[in-house]
Amino acid sequence: MKKFAFIMAAAIAVSSYAVCAEDAETTNDTSNWYDVLDVVYKDVHGKVDLGAATMLIENKYADNRGKLTNMTGGRLAATFVYPNGFTIKPSVLAGFGEGHIYNGGIAIGWYLPIGNNLRFIPNIAYSMSYLKTKNIEIHPAPGFAIASEEASIQSRVPAIGVDTIVKFGDKWAATLVLQYAWSHSKSHFSNAALPQDGKRTESRGLNSAINLEYFIDDSWSTSLTLGINDANDNELNGVTGRGVIIGAGYRF
């Protein structure tokens with residue numbers, strides 16, 4: 001079982017980097033330090049999203065499927081857009097069930113509006129993850145299974161991607177998130193007979209998510225996000241994650 005670029009629901013996710021308000025206007029008045037703060041903070045527009053998440057995680061060995069692990073939890077994400085288009089997107093995710101998962105990351109990109117209804121945010125990202133599952137089974141061959149009471153994976157994941165945001169009138173927006181990630185991981189199993197125990201591995205894969213958002217008013221919105229992450233190494237060992245997030249957002 002190797003690397004692991006994961007559920008960001010998401011990012012699973014994720015997700016609703018939706019319409020980050022109107023373009024801000026830069027003030028020319030810098031007569032005192034309050035104006036400096038205005039440039040740094042006041043003219044920043046964006047969005048904060050908080051959602052409940054459910055996730056399915058599957059270990060793979062030589063592309064043979066293992067046991068599905070279900071977890072539930074939550075995700076907090078934000079998008080900060082500066083007047084010149086510079087964009088920062090931090091996020092955290094936690095899930096619990098037959099084990100637990102923690103993920104924290106940040107993306108840096110550029111907010112590119114095209115017309116009134118289309119937005120792009122090309123970005124580079126970096127995240128750190130910790131996944132622990134219980135009572136897993138890996139099937140290296142048909143009819144043959146290797147069990148382990150616990151398995152854990154620690155990952156560092158750089159990535160490049162783009163968010164595409166499309167507005168439909170004043171009330172609806174859809175966001176497509178595509179991200180290609182390289183995961184650098186270390187795996188540990190309570191059953192040391194598994195060949196990947198203690199190994200450092202590298203994998204890569206595509207993370208994708210689609211988000212549908214309804215704007216209740218100028219500030220508040222609700223959203224539904226579907227995401228899938230798939231990371232494999234050259235021997236087709238890896239982890240697949242699927243997630244659903246139902247959340248609320250606040251634009252500022």
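FYI, it's all coordinate maths here, none of it is from the lab. Predicted, not measured: the structure shown is a model, and the values here were computed from it. FYI the Cβ positions are ideal-geometry reconstructions off the backbone, even for glycines, and counts take in every protein chain you see.
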Chain lengthening between Leu224 and Val48 when straightened (0.36 nm per residue, less Cα-Cα) = 61.9 nm
Based on the Cβ-Cβ distance from Trp172 to Ile124, what FRET efficiency comes out when R0 is 45 Å, to the nearest 0.05?
-> 0.95
Determine, from the Cβ-Cβ distance of Ile160 and Asp217 and an R0 of 25 Å, the FRET efficiency 1/(1 + (r/R0)^6), rounded to the nearest 0.05.
-> 0.10
Given the Cα-Cα distance of Leu76 and Ala145 and 0.36 nm per residue of separation, how much length would full extension add, in nm?
-> 21.1 nm
If Val44, Val162, Val81 are placed from fewest to most neighbouring beta carbons inside 10 Å, the sequence is Val162, Val44, Val81
So, in nm, how far is label Ile88 from label Glu202 when the simple model puts each one 7 Å beyond its Cα toward the Cβ?
-> 3.0
